[in-house]
Amino acid sequence: MGRGIGQVLALAGARCTLADISADRTAAALEMLLTDAARHEHDELIPAGSTDQLRARIQSAASIEEAVANADYVVEAVYEDRDVKGDVLRRIERGVGPDVVICTNTSAISIRSLSQGLAHSVRFLGAHWFNPPQFVPAVELIPCPDTAPEVMDAVETFLTQAGKRPSRVADSPGFVANRLQYALLQEAAAVVEEGIATAEAVDQIVRTSFGFRLPFFGPFAIADMAGLDVYSGAYRVLQDSFGDRFTPPRALDELVSLGRLGAKTGSGFVIRDAAQASAMAARRDRAYVALARLIDKPEPDGSGSTS
């Protein structure tokens, strides 16, 4: 993750310094970054000349302290262990001035808990990138209780300029993406365990049904386009069979009771008027046709698309 984040920021114009547990490990990480970038450039995944830019803008340091000595922005991206992260964050803080922004890249660890060992937590926040960070647009931004609003604004602007799609979320276990992702896997595993479908069939169904829509629309927009009354009825059937884990969301019931059924009425979770509903439908149709053509393209080895 650290290598990928460094690649993104360096290609956006920043000068970056990498640090790991030893000088040898860091030097090897830099070489691996450049090797990966050369492959990405060869495959036309990043612009021509990117590897040379990275070679000019990224260096390795012998220690964390050396790496952060002249930094304006520091990203900690060690593995998911609260104690290890805490130790690294304290070393970073001792090596920088009180105004340098420090971000932790974590999938689920409480940002509040990590901030408690810092003397200047006003400039500290979580910035959860997704693997591979070079290509996945999302970054979840999570403040701790002391994070200054201007720090959040600055990081959001910086990452947007680097080509990412940052979203602000609260400090809660799993944040947003992993909470949703793990809930999906829980049900997917249950489907397989109950003998309803194989793992391969589940993967294919997900990527060619609602997963097919998700690159373009989130769950609220998808529900609005399908019709919230349809969702409400389906929830009742699922609740009858599977109990409380499929209780209809209160927000859904409230919208249906108000006659706000999504696109069909021009008002729902995210749709606000008929013009927006019409524009969303037009975008949906163009996007789905383009994506269908993409997933139907054979793989380079001729094996076709896979689950």
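The values are calculated or read from the model by the stated rules, or taken from the named source; none is laboratory data. Since the model is a prediction, treat every value here as computed from it, not as a measurement. Note: ideal-geometry Cβ built from the backbone for every residue, glycine included; neighbour counts use all protein chains shown.
To keep it simple, each residue is scored yes or no on (1) within 14 Å of residue 2 (Cβ to Cβ); (2) under 25 Å from the mean Cα position of the chain (by Cα); (3) surrounded by fewer than 16 Cβ atoms within 10 Å (Cβ to Cβ).
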site	(1), (2), (3)
20	yes, yes, no
26	yes, no, no
32	yes, yes, yes
47	no, yes, yes
56	no, no, yes
> Looking only at residues in region 220-248 that are without any contact (Cβ under 8 Å) to a residue 24 or more places away in the chain and either closer than 16 Å to residue 269 by Cα or in a loop (DSSP other than H, G, I, E, B) (or both), which one is nearest to the chain's Cα centre (by Cα)?
Replying inline: 222
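With the condition kept exactly as written, say whether any residue in region 167-176 is closer than 21 Å to residue 2 by Cβ and not assigned by TED's automatic domain parsing to the domain that holds residue 92.
Filtering region 167-176 for residues closer than 21 Å to residue 2 by Cβ gives 175.
Narrowing further to those that are not assigned by TED's automatic domain parsing to the domain that holds residue 92: 175.
Within region 167-176, one or more residues are closer than 21 Å to residue 2 by Cβ and not assigned by TED's automatic domain parsing to the domain that holds residue 92.
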>> Give me the residue from region 230-286 that is acidic (Asp, Glu) and over 19 Å from residue 184 (Cβ atoms) and, out of that set, surrounded by the most Cβ atoms within 10 Å (Cβ to Cβ).
In response: 253
> With 210, 216, 220 as the choices, which residue is surrounded by 13 or more Cβ atoms within 10 Å (Cβ to Cβ), at pLDDT 95 or above and not acidic (Asp, Glu)?
Replying inline: 220
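Yes/no matrix, rows are residues, columns are (1) out of contact with any helix residue (DSSP H, G or I) (no Cβ under 8 Å at 6 or more places or on another chain); (2) part of a helix (DSSP H, G or I); (3) of a type in the set (D, E, K, R):
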residue: 127; (1), (2), (3): no, no, no
residue: 133; (1), (2), (3): no, no, no
residue: 151; (1), (2), (3): no, yes, no
residue: 157; (1), (2), (3): yes, yes, no
residue: 163; (1), (2), (3): no, no, no
residue: 178; (1), (2), (3): yes, yes, no
residue: 188; (1), (2), (3): no, yes, no
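Being among the aliphatic types (A, V, I, L, M) and out of contact with any strand residue (DSSP E or B) (no Cβ under 8 Å at 6 or more places or on another chain) is the requirement here; does residue 62 meet it?
yes
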> So which residues in region 135-149 are over 27 Å from residue 32 (Cα atoms) and in a loop (DSSP other than H, G, I, E, B)?
Replying inline: 144, 145, 146, 147, 148
